[in-house]
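The values are calculated or read from the model by the stated rules, or taken from the named source; none is laboratory data. Since we're looking at a predicted model, the values are computed, not measured. Don't worry about glycine lacking a Cβ; one is built from the backbone with ideal geometry, like all the others, and counts go over all protein chains shown. The area values use the complete protein model at the heavy-atom level, side chains included, leaving out ligands, DNA and RNA. Shrake-Rupley method; radii C 1.70, N 1.55, O 1.52, S 1.80 Å.
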Amino acid sequence: MGVGAALGMSWIAWQVPGNERMQYVRAGLWSLFGALVGGRLVYVLVNWGYYRQHMLEAFQIYLGGVAWPGAMAGGLVVVFIYAWRLEKTPGQ
């Protein structure tokens, strides 16, 4: 996953004109963060029976457990919020 994220961020930095490059890289980093949080949140909710008894483990992402639907939703939500803040449309 890390290699894919690094390649994606490199692609963004390479394709975007120089004056907007950091803005798009920042948006990419925020979307990765949103994907991580959303993926972990959905994973914890799906496995709530376990995490109800082990609450502190819900924050230990390094132990594993990320649900891809939550990661997709979290990343998209952050992209839309970031675009809204910059008064742009997503993908612009």
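What the table shows:
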| quantity | calculated |
| --- | --- |
| Positions within segment 45-91 being under 16 Å from the mean Cα position of the chain (by Cα) and of a type in the set (Val, Ile, Thr), in sequence order | 61, 66, 77, 78, 79, 81 |
| Within segment 57-77, tally of residues that are under 30 Å from residue 89 (Cβ atoms) and surrounded by 13 or more Cβ atoms within 10 Å (Cβ to Cβ) | 10 |
| Subset of segment 1-13 that is of a type outside the set (Val, Ile, Thr) and open to solvent by 100 Å² or more (accessible area, probe 1.4 Å) - its residue that is modelled with the lowest pLDDT | 1 |
| Residues of segment 14-56 satisfying the condition of being among the hydrophobic types (A, V, I, L, M, F, W, C), open to solvent by 30 Å² or more (accessible area, probe 1.4 Å) and under 30 Å from residue 87 (Cα atoms) | 14, 22, 29, 30, 32, 33, 36, 37, 41, 42 |
| Criterion violated by residue 88 - all others in (1) exposed (fewer than 11 other Cβ atoms within 10 Å of the Cβ); (2) part of a loop (DSSP other than H, G, I, E, B) satisfied | (1) |
